[in-house]
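Okay, structure first, notes after.
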Amino acid sequence: MGIPAQFNKDGVLDPGTYDATILDIKNSILVRGCGSPNWDSKWRSQLVDNAAVLIKQLWQVGITDIYLDGSFVEDKDHPNDIDGYFDPHLSLYDKNDIQKFEQIVSSLNNLDQHKIWNWDPASRRSVAGFSKRQLPMWIFYRVEFYPHMGQGTGITDAFGNDLKFPSAFRQSRNGFRQKGIVRVIQ
């Protein structure tokens, strides 16, 4: 199912998973907009270009389940970034899987000139104009991709329960409404 031509009345994509190539995303409502005079297509296109660098690195190490979310896939004229997650099909609770994931991260950092594949809170840095300290990948690319390995996200549902990535990314942060996300395909 491709990206819809418009956002729903809540300003989000209708619930579902929308498969799209990088070119499909650049030619979609997510970049081209929906008629708002303040829609920042140039900025949104740059965010897609930045995300494409990281997506291609993930593909190079064999990760193909990559999802985009956040305000980028909502009716927001100028999102701060692109949020997303990827599924390496490993478990944070399996010792062998943790070793495999460490090898994947090492391979990713070998591909990236800035060595940004790191989610350690100690690696976060202050950025002028933002109250939240940012990860290296955000600082260099304005993109945050998190691994989905069965862990919680720190994002809660309407009842305060910690959600895992698939569920966390399928709800709006304003009002916990269900929404769609984009799966990036080759």
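Annotations for the structure displayed:
- Residues satisfying the stated conditions in the range 9-20, i.e. surrounded by 13 or more Cβ atoms within 10 Å (Cβ to Cβ) and either of a type in the set (Ser, Thr, Tyr) or without any contact (Cβ under 8 Å) to a residue 24 or more places away in the chain (or both): THR17, TYR18
Okay, residues lined up against (1) of a type in the set (D, E, K, R); (2) surrounded by fewer than 19 Cβ atoms within 10 Å (Cβ to Cβ); (3) in a loop (DSSP other than H, G, I, E, B):
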position	(1), (2), (3)
PHE140	no, yes, no
TYR146	no, yes, no
GLY150	no, yes, yes
GLY154	no, yes, yes
GLY160	no, yes, yes
PRO166	no, yes, no
ARG173	yes, yes, yes
PHE176	no, yes, yes
ILE181	no, no, no
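- Residue check: HIS114 meets all listed conditions (1) surrounded by 15 or more Cβ atoms within 10 Å (Cβ to Cβ); (2) in contact with a helix residue (DSSP H, G or I) (Cβ under 6 Å, 6 or more places away or on another chain) but one, namely (1).
- Checklist (1) of a type outside the set (Ser, Thr, Tyr); (2) buried (at least 19 other Cβ atoms within 10 Å of the Cβ); (3) touching a strand residue (DSSP E or B) at 6+ places or on another chain (Cβ under 8 Å) applied to GLN57, failing item: (3)
- LEU92 in a loop (DSSP other than H, G, I, E, B), closer than 28 Å to GLN178 by Cβ and out of contact with any Pro (no Cβ under 6 Å at 6 or more places or on another chain): yes
- Selection within the range 51-81 - in a strand (DSSP E or B), closer than 18 Å to GLN171 by Cα and either at pLDDT below 95 or not β-branched (Val, Ile, Thr) (or both): TYR67, LEU68, ASP69, GLU74
The values are calculated or read from the model by the stated rules, or taken from the named source; none is laboratory data. Everything numeric in this text was worked out from a predicted model, so none of it was measured. A quick note on method: Cβ atoms are made from the backbone with ideal geometry, for glycine too, and the neighbour counts reach across all protein chains shown.
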